[in-house]
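Below: the structure, in structure tokens.
Please treat every number below as a calculation from the coordinates, not as lab data. Because the structure is predicted, anything quoted here is derived from the model rather than measured.
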Amino acid sequence: MSDAVRQLRDLGLLRDGPGGELRAVAPEQAVDGVVGPLDRDIRTRRALAERKRESIMAFLPVFEASAYSRERERGFEVLEDLCEVRAVIADLAARARTEILTAQPGGSRDEGSLKEAEPRDREVLDRGVRMRVLYQHTARSSSGTAVHIDRMLELGAQVRTLDDHFSRLLVFDAETAIISLPANSLGAVVVREPHTVAFIVETYERLWLSADPCTVTAGARAGVAGDVRQAIVRLLVEGMTDASIATRLGMSVRTCRRHIAELMEELGAQSRFQAGYLLASPPSGTDDAHA
């Protein structure tokens with residue numbers, strides 16, 4: 001038997017006649033005989049698959065309730081890996097209902113973090129969830145971070161900045177907080193214990209009230225630059241090192257030293273010690289001479 005004949009028989013287009021001869025079969029008949037059983041089998045399997053899916057998914061509410069219950073029972077959970085931290089943040093952001101509080105210390109944020117955060121923040125704000133973000137003043141002088149702040153402001157987020165350092169944290173619906181680990185910058189602690197979360201929220205509110213509303217305009221930038229300069233003066237008078245001041249204000253040591261050098265030049269000081277002394281000394285003529 002030739003291959004062509006074998007293929008036609010497989011397709012149902014040829015069949016044996018009464019006398020053993022091959023007879024042609026109309027294509028529509030061949031379809032009913034060959035494809036029909038396959039269609040019926042597919043429909044049967046699809047119906048079975050849907051029944052199985054419904055049976056399995058019926059347990060989803062039970063699973064979610066038990067998983068959430070276990071989460072609530074664990075007041076504190078330490079995450080050592082950045083991927084774990086990001087996964088938890090993404091899950092909490094997706095479930096957020098009312099408000100997300102964020103505190104991002106340091107100056108500029110790296111491009112990777114901004115790219116990772118922006119779609120998530122956009123989705124949250126589009127859902128009508130409120131978002132407040134706290135940065136340090138030095139973040140405004142970073143072009144990449146400033147552009148990100150502009151986008152968030154346009155989407156409805158509230159952004160403020162402070163001169164001093166604070167801890168990195170997020171709070172979701174005043175129920176769950178994520179705090180960075182001091183000894184591991186890639187890890188975090190997930191806090192669900194209600195009293196601790198309430199304390200974190202209260203601390204955030206105090207920082208928020210003392211922070212300056214963020215508007216990325218030339219005047220605002222100039223004002224922030226003056227605030228940063230005043231913060232450097234205050235910390236210099238306290239005797240802090242260049243590196244400590246830089247860390248506290250979220251800037252590079254090089255930038256900090258440039259600011260200090262400009263201050264020393266303005267004061268005519270020959271050393272940081274002399275500059276600190278001059279800054280701490282009251283202006284001449286302010287002594288109480290009429291006592």
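Can you give me the long-range amide H partners of residue 131? Hydrogens built in the peptide plane at 1.01 Å from N, cutoff under 5 Å, separation of 5 or more residues or another chain.
Hits under the 5 Å cutoff: 100, 158.
Post the alpha-carbon centroid distance, the stretch 165-211 to the stretch 125-156, in whole angstrom.
18 Å
Determine ³J(HN,Hα), in whole Hz, for all residues of the stretch 228-233 in sequence, where each value follows from phi through the Karplus function 6.51 cos²θ - 1.76 cosθ + 1.60 and θ = phi - 60°; x replaces Gly and Pro.
Ordered by residue, 3J(HN,Hα) equals 5, 4, 5, 5, 4, 4 Hz.
Convert each backbone phi in the stretch 148-164 into a coupling constant with the Karplus relation 6.51 cos²θ - 1.76 cosθ + 1.60 (shift: θ = phi - 60°), then list the ³J(HN,Hα) values in order as whole Hz, x for Gly and Pro.
4, 4, 4, 5, 5, 4, 5, 7, x, 6, 9, 10, 9, 10, 10, 7, 8
Sequence-distant or interchain residues sharing an amide H contact under 5 Å with residue 187, placed H: which?
When sequence neighbours closer than 5 places are left aside, the close amide H contacts are 181.
By how many nm would the segment from residue 87 to residue 202 grow when fully extended, if each residue of separation counts as 0.36 nm and the alpha-carbon distance is taken off?
38.8 nm
Based on the alpha carbons, how large is the Rg to Rh ratio for the stretch 74-215 when Rh follows Kirkwood? Before the final figure, lay out each step's value.
Working: Rg = 14.1 Å, Rh = 15.2 Å.
Rg/Rh: 0.93.
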